[in-house]
2 protein chains.
Amino acid sequence: MADCQGDVACDLTPMQLYEKLNLQGDQVRVLKSEKAAKAEIDAAVQLLLKLKVHYKTITGQEYKAGCPPTDDISSCSNGPATEDGDDQVDPWNVSTTSAKGVDYDKLIVRFGSSKIDQELIDRIGRIIEQTPHRFLRRGVFFSHRDMHQVLDAYENKKSFFLYTGRGPSSEAMHVGHLIPFIFTKWLQDVFNVPLVIQMTDDEKYLWKDLTQEQCYRFAVENAKDIIACGFDVNKTFIFSDLDYMGMSSSFYRNVVKIQKHVTFNQVKGIFGFTDSDCIGKISFPAIQAAPSFSSSFPQIFNSRTDLQCLIPCAIDQDPYFRMTRDVAPRVGYPKPALLHSTFFPALQGAQTKMSASDPNSSIFLTDTPKQIKTKVNKHAFSGGKDTVEEHRKYGGNPDVDVSFMYLTFFLEDDEQLEKIRQDYTSGALLTGDLKKCLIETLQPMIASHQERRKQVTDDMVKQFMTPRKLDFDF
Amino acid sequence: MADCQGDVACDLTPMQLYEKLNLQGDQVRVLKSEKAAKAEIDAAVQLLLKLKVHYKTITGQEYKAGCPPTDDISSCSNGPATEDGDDQVDPWNVSTTSAKGVDYDKLIVRFGSSKIDQELIDRIGRIIEQTPHRFLRRGVFFSHRDMHQVLDAYENKKSFFLYTGRGPSSEAMHVGHLIPFIFTKWLQDVFNVPLVIQMTDDEKYLWKDLTQEQCYRFAVENAKDIIACGFDVNKTFIFSDLDYMGMSSSFYRNVVKIQKHVTFNQVKGIFGFTDSDCIGKISFPAIQAAPSFSSSFPQIFNSRTDLQCLIPCAIDQDPYFRMTRDVAPRVGYPKPALLHSTFFPALQGAQTKMSASDPNSSIFLTDTPKQIKTKVNKHAFSGGKDTVEEHRKYGGNPDVDVSFMYLTFFLEDDEQLEKIRQDYTSGALLTGDLKKCLIETLQPMIASHQERRKQVTDDMVKQFMTPRKLDFDF
C-alpha cells in the first residue's frame, strides 16, 4: 500500500492509489462523524479530491469505492482487487490464459513491488559469501519489498527474523508447497536467523467446509512435512493459530491493534470481500498480518517490539502484507520486508497453480517412484512437437514445457540445466528424454523427503510447536 | 433472531423477519457460488420470495438489504437497526424524547422478547422460596428470553451458569453500572450457580480513543468495584478479553466458530455497522457472544459444552444475544436465556442513560456524601411544581421525577416507596423531602460500597481473574 504520506504526485501504482483513496474516504467520514475542526475536514477533503483527479489521470477511470482499478471498468463487480487482463492473482485464485504462466513483470508494476535484479542477487552473494540459491539465480523468487534495507541493516549488525506460513487445507502436500520452505530454510542457514511459521488452520476452517478438528490435524500433519525440510529446532517456531491465539495474549493484542486500523472498505478493496462474507473472513487478514511484528512472540524475542521481519512467500500472499505494511507505522512497528516467489505450475501447464484437490495436477510428497514416473509421463504438459521427426527438425519450446519448468525449480546444476534447454530447443533432446531427466531428479528428492519425514516424531513436532526462546543474535 | 425454521407464517417481529431475510439472501448467494444442486437453489429462492412477501405484508415496506424496518422507510440510512420512532436503543446509544424514558413495552414487541409478568415473578419466588428481588417486583428487569425453560430445567435438577459483563471505558463507575451486578449477585445467591463476568477491554479499545493499556487498567479497576458487590470467589470468574483470549484456545475456537456463522450483512442489520467501520468492530460481536457457551471455559466447567447460560443485562445488549441465539443451534450449543433490565436514568432525566463522561449526570461510586447531596439537590430532575403552593395544590409527578426513579432502584421497603409515591402525587411530600429521602438512601449505600472496595486487594483481584474450576453442582 502507499508508503508516501499525502504527496499526491508520488509514484503509486493504480492499486496503491485506489487503496489510498479508500483510506482517505474513511478518514473524511471519521473526521465528519467526530465533528472535527472545519479546517481539518477541509484539508482531508482537498486531499481526497486531488487523489481522485490523480487516479483518473493514471487509470483513465473514475474512482469508485468497492470497485478496484481494472483494465476494463465495466468488469467491476466487487471482485478481487487483482484482476489484470486475464491474470487473476489473489490469495485464493491464481489463473492466466498464457501457457508461459502469469506475467510477473506486469504483477510487479501492479503490486508496486521491486524486481529482484542481478545487482540484488550479487549483493546477497557478497554478504553471505556463498552462491545465491538457485531460486534467486533463476527468478523463482523474482520480486521484493525493502530487501536492500534489510541487507543494509544486516551489514550493520542489525539482524532480522523470518516469517512464512502455510494454509493447512489437507493432509496431502505437493512439491509446489515446498518452494517457500526450501528457500526459507536456505535463508535461515545462510543468514543464521530465527523463523516463525504460521499454520492458518483458522483460515482454512473459515474458508472451507472443514471442522476445526480437521484443520488442526492438517496443521500438525503439514508441520511434519515442513520439519522434514530440515529446519533448526533451536531457531524455528511453528504454530497453529487455533492453538497459539490461546497461548499468548501478546498475539491477540496485536491482532486487535491491526483490526482497529483496517476498515471493511480496505479489505473489500484488497481482498474482494463482499457483504455476504462471514465476519471471520473479514477480520482474518489481521491474523496473518500479526506475526510480522516481533511483539507477537514475546517468549521468542525477549519482548522486543522493534525487530525487522522478512517474509518469503508466493506473490499471491502479497495483498496481506501490503495491508500489514500500511498498518505498521500507524501502530508503531517496523514494516515487514518481502521476497516473492512465482507460482509452481500444475503438471497440466502454467495457466494455474498446482491444486492439492486434483491428484493428477501435482506430484505429492507421498507419491511412490512409480506414481511419479507415471504422472510425469502421462500428465506433464509438453513443449515438444507432435512427432519425433518434427521435433528433431524444429525443436521444442522449453518456455511452456512443464517438465523443463520443474527442472528449473529442482535441478541444482546450472550448466546441466542450460544444456538441457539448448538441446531441447534445438531438437537434439526429445520430450521423453527430458521427462526422464525430471523423473530421475524428483524420485530421489521425494524419497529422501519421505525418509526424513518418517524420522519426525510427535515429540519433535511438540518441540517445534512450543513457544520458547529461540537462538538469535541481534 | 428468528427461532422458527422456514415457516413463513410463524410469529416474527419485523426486525426478526428482516434478519431472517438477510440470512436467507446470504444462503442463496452461498448456494449459487458453491454451484449447489438446482433444486436446492430453487427451494432457497422460493423461501426468500415468500419471506419478502410476508415482510411487505407486515411492514408495508419492500425488503431492502442493509435497510432495517423503520416506522418511516425514508429515514433508512444504514443506521442502527433499532430506531423506533424517537427511541434509539443499541449497545452504543440510548435516547428517547419522553421524560418517562424509553417505551419498554414497544421494545419487547420490536425485539421479540417476552415480558416478565407477575406469573413469572411468582414462579421464581416459589422456586427460590424467597421474595423476588425488588428489581423484579418493580419491573427494573422487565423482559426475558426462555426464562421459563431455565426454571423448568432447574426444577428438574438441571442447573445453569450466569454470564454478564462490563465495557471498561473509564475508571469511574456510577450507580447505574451496579444494577446488573447487584441483580446478578442476588441470582448467584438464590440459585447457587457459577458466574462468568466479561470485561470487554478489547471492545473499548476498538471503539474509543484509548490505548490497550488504558482499557486493560480500567478492566482491573472496574473489577474491584464488581468484586465489592459481594460475589463469591469460589463461584465467580472475572476476565479481561485482552488477557483471557491468550489463556484459552477454547475461547478463541468458539469465537472463530461464531465468526464463521455470521455475515457482514447480518451485523450491518443488527448493529448498523458500515463499510467505513474497522474490521475489529465488525468481528467483535462474536467475542461478546462466545461466553454464552460453556465450552469457552473448559477449566471452569470440566470441558462440558451443554450447560445452559442465563444472561442478566441491560436491554441495549440484546442485539448481541439475538445474534448469539441465532448462531447457537448452528454450532451445536444451547441458546442462552436472558433477563433484560431497563436503563438507569441520568440525573437530568430519563431521556438518556447515565454517562460516565459527564460527572454531573451521575452519582459515582467514588462520590463523597457531600457530593451526593449537592448533585441530587442541584441536578436531579424534579417532577414537582414550580412553587410550594402549586405543589401542595396539584401534587407532583413521580413518573418523570428522577429522585423517585432512583428510589425505586435502591429503596428496599415496598410500603415506604408506595407511601412516598402517594404523598408526592398528592402534594403532601415536597420535592425537597423526596430528595432528602434519596440522599439518605444513597449516602450509606455508596459509603459501604467504598468500604468494601477498600478491602479488595490485588491478590483478590488476581484470584477472581484466574481461570480455575468453580463450585457448581449440575
Lone unmet requirement of (1) open to solvent by less than 30 Å² (accessible area, probe 1.4 Å); (2) over 30 Å from A:Gln450 (Cβ atoms); (3) among the polar types (S, T, N, Q) for A:Ser250: (1)
Can you go through A:Gly396, A:Gly427 and tell me which one is open to solvent by less than 60 Å² (accessible area, probe 1.4 Å), outside the structural domain of A:His174 (by the TED database), modelled with pLDDT of 95 or more and on the phi > 0 side of the Ramachandran plot? A:Gly427
Out of curiosity, is B:Val402 open to solvent by 20 Å² or more (accessible area, probe 1.4 Å), in contact with a Leu (Cβ under 8 Å, 6 or more places away or on another chain) and not assigned by the TED database to the domain that holds B:Ile227? no
Does at least one position in region B:26-46 carry a residue that is within 20 Å of B:Tyr320 (Cβ to Cβ) and either modelled with pLDDT of 80 or more or open to solvent by less than 30 Å² (accessible area, probe 1.4 Å) (or both)? yes
Of those in region A:220-245 that are of a type outside the set (Lys, Arg), over 20 Å from the mean Cα position of the chain (by Cα) and open to solvent by 10 Å² or more (accessible area, probe 1.4 Å), the residue farthest from A:Ile179 (Cα to Cα) is A:Asp243
Search result, residues across region A:430-474 that are aromatic (Phe, Trp, Tyr) and modelled with pLDDT under 95: A:Phe472, A:Phe474
Identify all residues within region A:252-287 that are within 7 Å of chain B (Cβ to nearest Cβ) and small (Gly, Ala, Ser); write none if there are none. A:Ser276, A:Gly280, A:Ser283, A:Ala286
Just give me the residues in region B:204-219 being under 28 Å from B:Glu451 (Cβ atoms), more than 10 Å from chain A (Cβ to nearest Cβ) and more than 21 Å from the chain's Cα centre (by Cα), in sequence order. B:Gln214, B:Arg217
Could you run through region A:235-275 and say how many residues are farther than 22 Å from A:Val327 by Cβ and of a type in the set (Gly, Ala, Ser)? 2
Applying the selection to region A:305-334, what residues are under 26 Å from A:Val140 (Cβ atoms) and open to solvent by 20 Å² or more (accessible area, probe 1.4 Å)? A:Gln308, A:Ala314, A:Gln317
May I ask you to list pairs of residues, at least six apart or on different chains, whose Cβ atoms are under 6 Å apart, with the first in region A:300-314 being β-branched (Val, Ile, Thr) and the second being in a strand (DSSP E or B)? A:Ile300/A:Phe237; A:Ile311/A:Tyr163; A:Ile311/A:Leu338
What are the pairs, 6+ residues apart or on separate chains, where a residue within region B:278-290 that is in the same structural domain as B:Cys309 (by the TED database) has its Cβ under 9 Å from a residue that is among the small types (Gly, Ala, Ser) and open to solvent by 10 Å² or more (accessible area, probe 1.4 Å)? B:Gln288/B:Gly165
Name the residues in region A:301-336 that are of a type in the set (A, V, I, L, M, F, W, C) and closer than 18 Å to A:Leu12 by Cα, would you? A:Phe321, A:Met323, A:Val327
Selection within region A:108-159 - among the polar types (S, T, N, Q) and open to solvent by 60 Å² or more (accessible area, probe 1.4 Å): A:Gln118, A:Gln130, A:Thr131, A:Gln149, A:Asn156
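The values are calculated or read from the model by the stated rules, or taken from the named source; none is laboratory data. Note that the structure is a prediction, hence the values are computed from the model and not measured. Because the Cβ atoms are built from the backbone with ideal geometry, glycine has one as well, and the counts that use them run over all protein chains shown. The accessibility values were calculated without ligands, DNA or RNA, using every heavy atom of the protein model including side chains. Shrake-Rupley method; radii C 1.70, N 1.55, O 1.52, S 1.80 Å.
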